[in-house]
Amino acid sequence: MPIRTVYKAQVDHLQILDEDGKVDDKLWRGDILSDEQVVFAYDFMITCRQLDEIAFKLQRSGRMGTYPQNKGQEAAAIGSGMAAVKGRDFLCPCYRENAALFLHGMPMEYVLMNWMGDERGNKIPEGVNITPISIPIGTQMLHAAGIAWAYKLRKEDRCVITYFGDGATSEGDFHEAMNFATVQNVPCVFFCQNNQWAISVPREIQMNSETVAQKAFAYGAHAIQVDGNDLFAVYKATREAIDRARAGGGVTLIEAMTYRLADHTTADDARRYRDEAEVASWRGKDPMIRLRKYLEGKGLWDDARQAASEEKAKVLVAEVVKRAEGIEKPAVTDIFDYTFAELDPELELQKATMRTSSIGQEPSQVGLNSGERQHA
Ligand SMILES: Cc1ncc(C[n+]2csc(CCOP(=O)(O)OP(=O)(O)O)c2C)c(N)n1
Ligand SMILES: [Mg+2]
């Protein structure tokens, strides 16, 4: 019996806008995104990067707990976010695609509040189709598969995008979510931001597969690798994946090749494990540089517009910070009011004596009835 090949696969890499801002006309027709939309995307990148820089400074000046910068990954977040429909599709994110969340209605101050340690920043407003920012690596992919399954069962013409990093594809959750989503053929797009590092672990020792995209084949999903710093490639690949998913054509795993230009979080110092030459080479591939070159080449952008956009971003972000820092502190008793449907006597007592130095003790026994010692 001759040996037959039972499976063959290849991963394509899509780049439309190169590092010099030159576009491949065969792959990109202007009408896929209008000039107006491209200008909007670039202007929005300026705002998002300003927010990122300010968040970093807030942390360094003790006004924020920790923060994972998104710097360098804006095209991946914005290109994919623009491909999904706000209010109709659903995003299940991790923490490095803020720009996509803002596009889909997440108030900017919520992200800051969240990293300032205020849980209300992760309470997604009514009508905004986003699950809370996931810090446990990978859990959101399972949520995405489930939400997409619900869309399918309800015959709703909607799609889910879940975001995760290269490191997350080494987690069991990724494989379970991919398996479930493909077996059920749900309308879900798995969007991996391969930024080359999982904290201090480089991709080469994180996984033995040459690409993340090829992992799709094990599950019978579609696969594509795109230049993640190329807004057009990201948009096109995501748009196609969403259209296919909505039409019942299956799950797609998109691997967006990008780079984390900053530290993993503000608690990290990447100089201890990353080669400066590597970082410098990726700085040259910054998604904002090439998009600006493209727009300038088309006469859609110039220094004056750049200055105006940066000024607008500064004012807007300052207002966002003001809102994040100005929110009224939650009441101490919220811990009782929002954890239990009903309080048992012990908890009632704790609530009643919460602000005394005799918390949880019977007031009559510790003399609190006569002149309670109240703390501020
Ligand atoms: C389940 C779980 N394991 C470990 C961690 C600690 N951790 C935080 S970020 C991270 C690396 C994630 O790398 P990657 O998925 O590539 O995302 P990136 O931070 O590069 O965007 C790890 C291991 C965690 N948050 N959750
Ligand atoms: Mg990573």
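The values are calculated or read from the model by the stated rules, or taken from the named source; none is laboratory data. No experiment lies behind these values; they were computed from the predicted model shown. As a convention, Cβ positions derive from the backbone with ideal geometry for all residues, glycine included, and neighbour counts pool all protein chains shown.
Across segment 266-312, what is the number of residues that are more than 19 Å from Gly79 (Cβ to Cβ) and among the hydrophobic types (A, V, I, L, M, F, W, C)? Number of matching residues: 8.
Scan segment 121-135 and tell me whether some residue there is outside any loop (DSSP other than H, G, I, E, B), assigned by TED's automatic domain parsing to the domain that holds Glu278, out of contact with any His (no Cβ under 9 Å at 6 or more places or on another chain) and of a type outside the set (A, V, I, L, M). Within segment 121-135 (the criterion being outside any loop (DSSP other than H, G, I, E, B), assigned by TED's automatic domain parsing to the domain that holds Glu278, out of contact with any His (no Cβ under 9 Å at 6 or more places or on another chain) and of a type outside the set (A, V, I, L, M)), the answer is yes, since at least one residue qualifies. Taken across segment 164-176, residues that are part of a helix (DSSP H, G or I), among the polar types (S, T, N, Q) and either at negative phi or modelled with pLDDT of 95 or more (or both) do occur, with at least one present. A single entry from Glu53, Glu19, Glu36 fulfils the requirement of being touching a Lys or Arg at 6+ places or on another chain (Cβ under 9 Å), in a helix (DSSP H, G or I), assigned by TED's automatic domain parsing to the domain that holds Ala256 and on the phi < 0 side of the Ramachandran plot: Glu53. With the structure loaded, tell me whether Ala237 is touching a residue at least 40 places away in the same chain (Cβ under 8 Å), touching a strand residue (DSSP E or B) at 6+ places or on another chain (Cβ under 6 Å) and assigned to a helix (DSSP H, G or I) or whether it fails that test. Against the criterion (touching a residue at least 40 places away in the same chain (Cβ under 8 Å), touching a strand residue (DSSP E or B) at 6+ places or on another chain (Cβ under 6 Å) and assigned to a helix (DSSP H, G or I)), Ala237 qualifies.
Condition check ((1) touching a residue at least 60 places away in the same chain (Cβ under 8 Å); (2) within 16 Å of ligand 1 (Cβ to nearest atom)) across all residues:
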position: Ile130; (1), (2): no, no
position: Ile135; (1), (2): no, yes
position: Gln140; (1), (2): no, yes
position: Ala145; (1), (2): no, no
position: Met178; (1), (2): yes, yes
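Considering segment 60-81, and only residues there that are touching a residue at least 12 places away in the same chain (Cβ under 8 Å), away from ligand 1 (no atom under 16 Å from the Cβ) and surrounded by fewer than 19 Cβ atoms within 10 Å (Cβ to Cβ), the residue that is farthest from Phe102 (Cα to Cα) turns out to be Arg60. Could you tell me whether segment 190-201 includes any residue that is crowded, with 24+ Cβ neighbours inside 10 Å, closer than 22 Å to Val234 by Cα and more than 10 Å from ligand 1 (Cβ to nearest atom)? Yes, the conditions are met somewhere in segment 190-201.
Whether a residue is within 30 Å of Arg120 (Cα to Cα) and part of a helix (DSSP H, G or I) was assessed, and Lys351 passes this test.
The condition of being surrounded by fewer than 19 Cβ atoms within 10 Å (Cβ to Cβ) and within 16 Å of ligand 2 (Cβ to nearest atom) holds for only one of Pro136, Pro132, Pro125, that being Pro136.
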